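Engineer: Sharing a structure here in structure tokens format.
The values are calculated or read from the model by the stated rules, or taken from the named source; none is laboratory data. Quick caveat: nothing in here was measured; it's all calculated off a predicted structure. Note: ideal-geometry Cβ built from the backbone for every residue, glycine included; neighbour counts use all protein chains shown. These accessible areas exclude ligands, DNA and RNA; they are computed on the full protein's heavy atoms, side chains included. Shrake-Rupley method; radii C 1.70, N 1.55, O 1.52, S 1.80 Å.
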Amino acid sequence: LLGTWYTWQQLTRPSDNSFTKRHQSDAYATQVIIFHTDSEGNLYDQLKTPLSVHYPLDNSISLTTPLFNLFLKNNESWELSAKYGKLKENNDHLQLWDNVKLNQKKGLSAYPSSTLTTSTLDVNLKEKTAETSAPVTITQANQTIHAIGLHANFNTKTIQLLSQVKGQLKPTKSK
């Protein structure tokens, strides 16, 4: 009897679902490709995602398997990918998590000159900087570096590893 009364109370109670509505998405897009150019018309960055969902409460955009390219001078670029992402703060900040990978590309080569992997990364798109406090692995040609945390500045081409840095250099095979 008490269970019936409680169920009836829940079903007949006026619902104020404004809180729920604000936490729901209000728009989505599929197969998204966004290009940004600088004031001179040069490609600045590019975002590809099969699904983006906008949330009005915090004006954020959730991204599924985002692929973000950040273009620098001299045909250099960084390709950032993850399982999930989120654009925040007027699309000036990109959060990536779950299998985050950064590939540095130099010139017109399709092959990365270095690869960085981590579990989460916060990217400031205006400043072209990135940081994480998670474990990081950097792989280049014949070396591997492990660390906890990093701060990267794509403009100055610097990566500062924050703690517990360990490296391994593999000898190259001579002919």
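Engineer: Return yes or no: is residue 92 free of Cβ contacts under 8 Å to residues at least 60 places away in the same chain and more than 18 Å from residue 35 (Cβ to Cβ)? I'd like the intermediate steps shown before the answer.
Structural biologist: Details: free of Cβ contacts under 8 Å to residues at least 60 places away in the same chain: yes; more than 18 Å from residue 35 (Cβ to Cβ): no.
The answer is no for residue 92.
Engineer: Being surrounded by 11 or more Cβ atoms within 10 Å (Cβ to Cβ) and at pLDDT 90 or above: is that true of residue 114 here? If you could, list the steps in order and put the result at the bottom.
Structural biologist: Numbers: surrounded by 11 or more Cβ atoms within 10 Å (Cβ to Cβ): yes; at pLDDT 90 or above: no.
Here the answer is no, as residue 114 does not meet what is asked.
Engineer: Please tell me if residue 103 is of a type outside the set (A, V, I, L, M) and open to solvent by 60 Å² or more (accessible area, probe 1.4 Å). Spell out how you get there, then give the answer.
Structural biologist: Details: of a type outside the set (A, V, I, L, M): yes; open to solvent by 60 Å² or more (accessible area, probe 1.4 Å): no.
No, not satisfied.
Engineer: Output the residues belonging to region 139-158 that are more than 15 Å from residue 123 (Cα to Cα) and aliphatic (A, V, I, L, M).
Structural biologist: Passing the criteria: 141, 145, 147, 148.
Engineer: Hey, another quick one. Quick one: in region 30-89, which of the residues that are closer than 20 Å to residue 128 by Cα and of a type in the set (Asp, Glu) is surrounded by the most Cβ atoms within 10 Å (Cβ to Cβ)?
Structural biologist: 45
Engineer: (1) more than 12 Å from the chain's Cα centre (by Cα); (2) closer than 28 Å to residue 143 by Cβ: which one isn't true of residue 56, the others all being true?
Structural biologist: Here residue 56 meets the rest and fails (2).
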